[in-house]
Amino acid sequence: MHRLIRFLVQVSRALSYVLVFSLGVPIFLDLALGLQGAPLLGLVTSSFLFQAAAAAVGVSLGLHPGLILLVMTSFALGMVLAIFQVCDTSSEQSERVNRWIQGIGEKAKKITVLDKYGVYSLIFISWLPGLGLYACPVIAWIFGWERKAAVLFILLGWFLASLAVLLTSLGLVKIVF
């Protein structure tokens, strides 16, 4: 029974990260700025699907560039914290999952770039389309990198990737229109 309660607490913690940072902050900003919901919800949904490339969606929705970066960074923080929590929970709850993850970890440690640059490599991995934001916490967790540093470097990489897409999108919008 204690194991089930612990599992439910851990799952609740992961969901709370998503609800507070990935959804709550954008909803609060939407209410505070009176944006009527759709643009920020569209940006959050796009961030989930397109990751850093969602900045282009934010531009097309007419959102302020600073707001786009704030919402996307808050979204990323919620997702990163939730993924770390899921990794912790999976490892604690299942010996089979724990062995599987350890096997992946042994193979991953043979990747010399990750070993050479350590936690700093997360800045660049977070740029990888389709997998960066979601893979970075798992990689950091497998390698046992210090969590606060990992979150910082993942968010830094995410911010830089989002900024690059944002600046490119703003330039394209000016050229096209």
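Note on the chain: helix-only mean residue ellipticity at 222 nm, from DSSP H runs of 4+ residues weighted -39500 (n - 2.57) and normalised by residue number, equals -25500 deg cm²/dmol. Measuring with a 1.4 angstrom probe and ignoring ligands and nucleic acids, Thr112 comes out at about 100 Å² accessible. Evaluated with a Cβ-only charge set (Lys, Arg +1; Asp, Glu -1), the chain carries a dipole of roughly 340 debye about its Cα centre, given to the nearest 20.
With the convex hull of its Cα atoms as the shape, the chain has an orientation-averaged projected area of 11.5 nm². Just to be sure I understand the curve: with the Debye formula and one point per C-alpha of segment 80-159, what is log10 I(q)/I(0) at q = 0.21 Å⁻¹? The computed values of log10 I(q)/I(0) come out as -0.94. When the surface is traced with a 1.4 Å probe over the full set of protein chains, Phe21 keeps roughly 60 Å² accessible. Summary of packing: across the peptides 57-66, 149-158, the per-residue average of other C-beta atoms within 10 Å ranks them, highest first, as 149-158, 57-66.
Among Thr112, Val138, Leu128, whose Cα lies farthest out toward the positive end of the dipole of the chain, if unit charges sit on the beta carbon of Lys, Arg (+1) and Asp, Glu (-1)? It is Thr112, whose Cα lies furthest towards the positive end.
Karplus-based coupling profile of segment 52-58, in residue order and whole Hz: 5, 5, 5, 4, 5, 5, x, with θ = phi - 60° in 6.51 cos²θ - 1.76 cosθ + 1.60 and x standing for Gly or Pro.
Working note: Debye formula, equal point scatterers on the alpha-carbon atoms of segment 1-106, no solvent; log10 I(q)/I(0) at q = 0.11, 0.21 Å⁻¹ is -0.44, -0.97.
Surface calculation, 1.4 Å probe, protein heavy atoms: Leu167 sits at approximately 110 Å² accessible. Long hydrophobic helices in the chain: the complete DSSP H runs spanning 30 Å or more by Cα along their own axis with mean Kyte-Doolittle hydropathy of at least -0.5 are 65-93, 147-176.
The values are calculated or read from the model by the stated rules, or taken from the named source; none is laboratory data. Quick caveat, the model's predicted, so the values are computed rather than measured. FYI the Cβ positions are ideal-geometry reconstructions off the backbone, even for glycines, and counts take in every protein chain you see. Note: accessible area is taken over every heavy atom of the protein model, side chains too, but ligands, DNA and RNA are not part of it. Shrake-Rupley method; radii C 1.70, N 1.55, O 1.52, S 1.80 Å.
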